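As structure tokens, the structure follows; a few thoughts come after it.
The values are calculated or read from the model by the stated rules, or taken from the named source; none is laboratory data. Because the structure is a prediction, the values reported are computed rather than measured. Every residue, glycine among them, receives a Cβ derived from its backbone with ideal geometry; neighbour counts consider all protein chains shown. Ligands, DNA and RNA are excluded from the accessible area calculation, which covers all protein heavy atoms including side chains. Shrake-Rupley method; radii C 1.70, N 1.55, O 1.52, S 1.80 Å.
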Amino acid sequence: MPPKSTKTKPGIQTQFKDALRLTAANWAALADREEGKWQIRNAKKLPPERQSSLTRLLSESTVDTWLCGALSGGNSRSVSLPMQSGLGTPRLFAFPVSNTSRMVLVGAERQSPKAQRVWRTLASTLRAGNGTKPKAAREAISPDLQAGLPYDLPRSLEHILAVFTHEVPCSSAWIAIRRGDILDIEAVWNTDDPTKKSLPVDSNKLFQQVHKTLSEVVVLCGTPGWESVPEVGKKRGVKVWICLPLLIGHRMIGVLVMWRQKEVTQREWRRLHELTANFAPSVEMAVTFFEMGMHLRRLGMFNDFALTVSSAQNLEGIARRVFDLLARIFGTELITLYLLSTDARMLREFYNRDRRLLPRLNDLSGHPMAKFLSQPRLLRLDGDVSTELPSADIHQARSGMIVPLRYRGQSVGVLTIESVRSQAFSQYDEHLIGVIASHLAGLVEYGRLREEAEGRARSLGLIHEVVQQVIGLNDKYEIAQITADLLSQYFDYEVTAVLLGDKQHRLTIHGFGGKFGSDIRKVVGRRDLSSYSGITGHVFLTGESQLVNDTRQNRLYEQLEGWNASSEVCVALKDNDHIFGIIDIESSRLNAFTRNDLIAIESLAGILAAVVSKTDQYQRLQEANRQLRQTQIELKARMEAQRAAEHRLVQTAKLAALGEMAAGIAHELNNPLTTVTGFSELILEEMPEDVSYRTEMEMVQREAHRAGEVVRRLLDFSRQGERTRSRADANELVEDVIALTQHLIHTSGIQLVAELGGDLPWVSVDRNQIKQVLLNLIHNALQAMPNGGRLYLSTAERSRDGRRWITMSVRDTGVGIDPKDQPRIFEPFFTTRRGGTGTGLGLSVTYGIITDHGGFIDVESEIGKGSLFTVWLPL
């Protein structure tokens, strides 16, 4: 039967008729949404059977969601219709009637922009009624979950505020959300200043009264309390200020503030109380969804941290990526990173200037951030933060966080984040930045060690090259020039100089290199260097090395004609107590050199002194050359091992972050899933077998059980740290697992080959967890051999990196793993199984268990030949 429609009004019919003629559309209808369903109120050229088809179409959840989105957004939409829709037209066009729950629906093959303007004009004329009863403004504007509006907090509150101002006229109004002791203004109407503000509850007696009494407060102009009224949104000539609490039970979640020219009538009070009671749950829902969205976005950004920041190659790269990440999370670019040098003498600073990352090197002594290096906890600042952060005056910052970076109990630096907004950082921000800081400290330490290792590698390379080229030379001029050229080649210094003394102890033998080396040669060639002035003269007399990163602050520095150095390193060349020369490097940049530069030059000076003073000891230097090569090889091997450790650190950080997220998701899903499972079982027990929808209810129960299994796997993934360690025999563990899987292996047509090592030492492990690791690897191997094959299980004692290990290997002759998939196989939820048969958690759990035991897993695989997984457990 076609749905009943109200009596057709000639006015609307005439409008529909004219619009259909002008736009060449097939039919038109006016639909109204009541009690969650769409009802057809008026129609033109739409027979009863097609009205029934349209009603069925509108009852579909996807179409209902689509229409609600158009209604909430106030924008027209169109969609293709299936051939079996029964509406006789390929497309459906929807034109919302603003501030109502009504929609003009048009069936047509296509509508030009001009034709669509006709329908939008018609929809605007229906706003006042025209024969249909308009819905209350509250229902038309209130947020709709299906429309996605609750996820947009400002827009939701603006819709709600529009209802209040429509129902109770006022000059201006705003809604603020309570967060702790602060009221954050999130939506404003008709105010001169659209800026969102934060108002403290405790410092305003009117807000205190609202919070204490949980009832409205009205203040008239000229009466006591008018001086305490906040000026936000105030218009000229207003005489009444109204503040109504938004309540959930006895809890105030926010306030509505209105400015009016006259007092509120009894009817308006009743309407305001009704609206606040109706809208308080919607406000709480919008805030909850907004906070959930922010939480998930920040978790996503933290995952970005694990993926992108951890892959940076040096400290500057780490700092740049950290700054980009924190700027997105906290909405501020006022970020500074202070890193302590390995010798704890200098503080390396990274800061933003015009969106450019700039480094700076300062002495730790007397630095204002030095006191925070020993601080064990994060410090959150509000109000006057310039007393702790000197840069706050420059940025006009009103809040900030000082975050110490500690690695294994040792301070490695400090991170500061500032904001021009007051109380910009919450307790949740503290927790988030604390987690980021703990991982950042580890990355910084690895970055420092890596830079130091690379610097030493360059130094060794330089020394090796110098020795190779000057060994056996007897010409000191040639030795000095070759050394200066190699210094500038390896380190890209602007000026490098090697000055050697003659028999009269005068610096007459020169070698110059670098971009400005030839210019300095001309200046020095005209000077008498026997007076030993400046930094070079001081080093030549005393033998004390000098590292100066700001020559303006050094009384010894003397400027050369045409050249002004801002940074300088100078090292003496000496044989025992005899000083016979210097190595000097200079730069026009401040803070250009580090302790690594000084160590490199001092190391070179030692070798060069031996070459210059003992050129006849060629054979001894050849031996030193061989040792240097061996050292370089060992250092390269160590760097490779360090890169592998960094990779494992990145994987562990990703698993830790996802483990925290998995625990939260599993906890939130477990209770509702238990409820769904329990009630579905009760319904099925009481439901007769011949009920038509019993099959759907059984499917609900099955899917709930399957979701519960996923939750259980998530909980297993997040609880990898719970363990009981004991000494165990690796062979015994493998044999136990073989006994458990023997039948499955046999029925799968797999031939098992066990190669267990003899007299293996015991290893301290959680027996159940290691069995779980072996079971996961064996099940994966069986999955890789659907047509049968061979499965090899072996144990052995091995040495690696100077340590003893127990290894357990699982090898199959299956399909193998694609090389492009191998780097991702230990990532959570990544699976190579087709058809959705795997959760992607098995290898992630395995990786987490072995990492927690202090071990690691090697993977070797080739397409079509099989895979080998080797578990390494330390003794």
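A compact table of results
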quantity: Subset tally (residues that are more than 27 Å from Q423 (Cβ to Cβ), in contact with a strand residue (DSSP E or B) (Cβ under 8 Å, 6 or more places away or on another chain) and not in a helix (DSSP H, G or I)) for the stretch 317-348; calculated: 7
quantity: The stretch 265-284 residues that are in contact (Cβ under 8 Å) with a residue 40 or more places away in the chain, paired with ones that are surrounded by 20 or more Cβ atoms within 10 Å (Cβ to Cβ) and polar (S, T, N, Q) (beta carbon under 9 Å, 6 or more apart); calculated: S282/S156; V283/S156
quantity: Count of residues meeting criterion [part of a helix (DSSP H, G or I), within 43 Å of the chain's Cα centre (by Cα) and polar (S, T, N, Q)] in the stretch 741-780; calculated: 6
quantity: Qualifying residues in the stretch 355-378 (those that are more than 30 Å from V548 (Cα to Cα) and surrounded by fewer than 16 Cβ atoms within 10 Å (Cβ to Cβ)) - the one modelled with the highest pLDDT; calculated: R377
quantity: Filtered residues of the stretch 407-455 (kept if surrounded by 20 or more Cβ atoms within 10 Å (Cβ to Cβ) and charged (D, E, K, R)); calculated: E418, R448
quantity: Where a residue in the stretch 548-567 is under 12 Å from L590 (Cβ atoms) and in a helix (DSSP H, G or I) and its partner, wherever it lies, is polar (S, T, N, Q) and at pLDDT 85 or above, with Cβ under 8 Å and at least six apart; calculated: T551/S566; T551/S567; R552/S566
quantity: S53 being on the phi < 0 side of the Ramachandran plot, modelled with pLDDT of 90 or more and assigned to a helix (DSSP H, G or I); calculated: yes
quantity: Top-ranked residue in the stretch 838-862 [being part of a helix (DSSP H, G or I) and within 11 Å of P828 (Cα to Cα); ranked as modelled with the lowest pLDDT]; calculated: G842
quantity: Helices (runs of 4 or more DSSP H) completely within the stretch 463-543 that count 2 or more residues being among the hydroxyl-bearing types (S, T, Y) and at pLDDT 70 or above; calculated: 476-491, 534-542
quantity: Given (1) free of Cβ contacts under 8 Å to residues at least 60 places away in the same chain; (2) crowded, with 20+ Cβ neighbours inside 10 Å, number of the condition A28 does not satisfy; calculated: (1)
quantity: The stretch 711-752: number of residues that are open to solvent by 30 Å² or more (accessible area, probe 1.4 Å) and modelled with pLDDT of 70 or more; calculated: 19
quantity: All positions within the stretch 532-579 that are among the aromatic types (F, W, Y) and over 51 Å from the mean Cα position of the chain (by Cα); calculated: Y532, F540
quantity: Wholly within the stretch 156-231, strands (runs of 3 or more DSSP E) carrying at least 2 residues that are in contact (Cβ under 8 Å) with a residue 40 or more places away in the chain and either open to solvent by less than 40 Å² (accessible area, probe 1.4 Å) or of a type in the set (K, R) (or both); calculated: 172-179, 182-189
quantity: Single unsatisfied condition, G543 versus (1) out of contact with any Lys or Arg (no Cβ under 6 Å at 6 or more places or on another chain); (2) closer than 19 Å to E602 by Cβ; (3) open to solvent by less than 20 Å² (accessible area, probe 1.4 Å); calculated: (1)
quantity: Matching entry among V810, V773, V765 (being in contact with a Lys or Arg (Cβ under 9 Å, 6 or more places away or on another chain), within 22 Å of L873 (Cα to Cα), open to solvent by less than 70 Å² (accessible area, probe 1.4 Å) and of a type in the set (V, I, T)); calculated: V765
